[in-house]
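Undergrad: This is the structure I have questions about; it appears just below.
Quick note: the coordinates plus some simple rules give every number you see, no bench work behind them. Just so we're clear, the structure is a prediction, and the values are computed from it rather than from any experiment. When we count neighbours, we look across all protein chains shown, and the Cβ atoms used for this are built from the backbone with ideal geometry, even at glycine.
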Amino acid sequence: MIIWGTRRRNAALGQMQYVCPGCHQPTYHGIVRSKYWFTLFFIPIFPFSTSTTARCQKCGFQEKVNNKQADAVLAQAQAPVIPGQQ
């Protein structure tokens, strides 16, 4: 008997502030990346899907975010500020 299935692992990437489409307030949204893994005998073998979700901290509204756009926005927000260069 072979036991196979899937497993999801979540990783919090950070937060972004923008106007929520649900409550129409400028609030912070938590960004979470989910990777779906194929498992064999409960051991994750390889990832087969990745999705990114933004969740409003105020009303709980969730929406899917493009993976590349989320990476670009979060990388830009975390870029170090060097004094004297702007």
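Undergrad: Sort 55-65, 6-16 for me by packing, meaning the mean count of neighbouring Cβ atoms within 10 Å per residue, highest on top.
TA: Per-residue Cβ counts within 10 Å, averaged per peptide and sorted highest first, yield 55-65, 6-16.
Undergrad: What does the extension gain come out to for residue 63 and residue 35, with contour length at 0.36 nm per residue minus their alpha carbon separation? Don't jump to the answer; show the numbers that get you there.
TA: On the way: separation 28, 0.36 × 28 = 10.08 nm, distance 1.63 nm.
Value of the extension gain: 8.4 nm.
Undergrad: Between helix 67-77 and the chain, what is the angle of the helix's C-alpha long axis to the longest principal axis, kept within 0 to 90° and rounded to the nearest 10?
TA: Approximately 40 degrees, to the nearest 10.
Undergrad: Defining a contact as two alpha carbons under 8 Å apart and six or more residues distant in sequence, what relative contact order in percent does the chain show? Walk me through the intermediate numbers first.
TA: On the way: 155 pairs, mean separation 21.5, N = 86.
Computed value for the chain: 25 percent relative contact order.
Undergrad: Here's another thing I want to ask about it. To one decimal place, what orientation-averaged projected area in nm² is obtained for the convex hull of the Cα set of the chain?
TA: Quarter of the Cα hull surface area: 7.9 nm².
Undergrad: Also, I was wondering about something else. Please give the peptides 42-52, 24-34 ranked by average Cβ packing (other Cβ atoms within 10 Å per residue), highest first, as a rough proxy for protection.
TA: Per-residue Cβ counts within 10 Å, averaged per peptide and sorted highest first, yield 24-34, 42-52.
Undergrad: Residues of region 60-75 with the amide nitrogen closer than 15 Å to a label point 7 Å from the Cα of residue 25, along Cα-to-Cβ, please.
TA: Those under the cut-off are 60-62.
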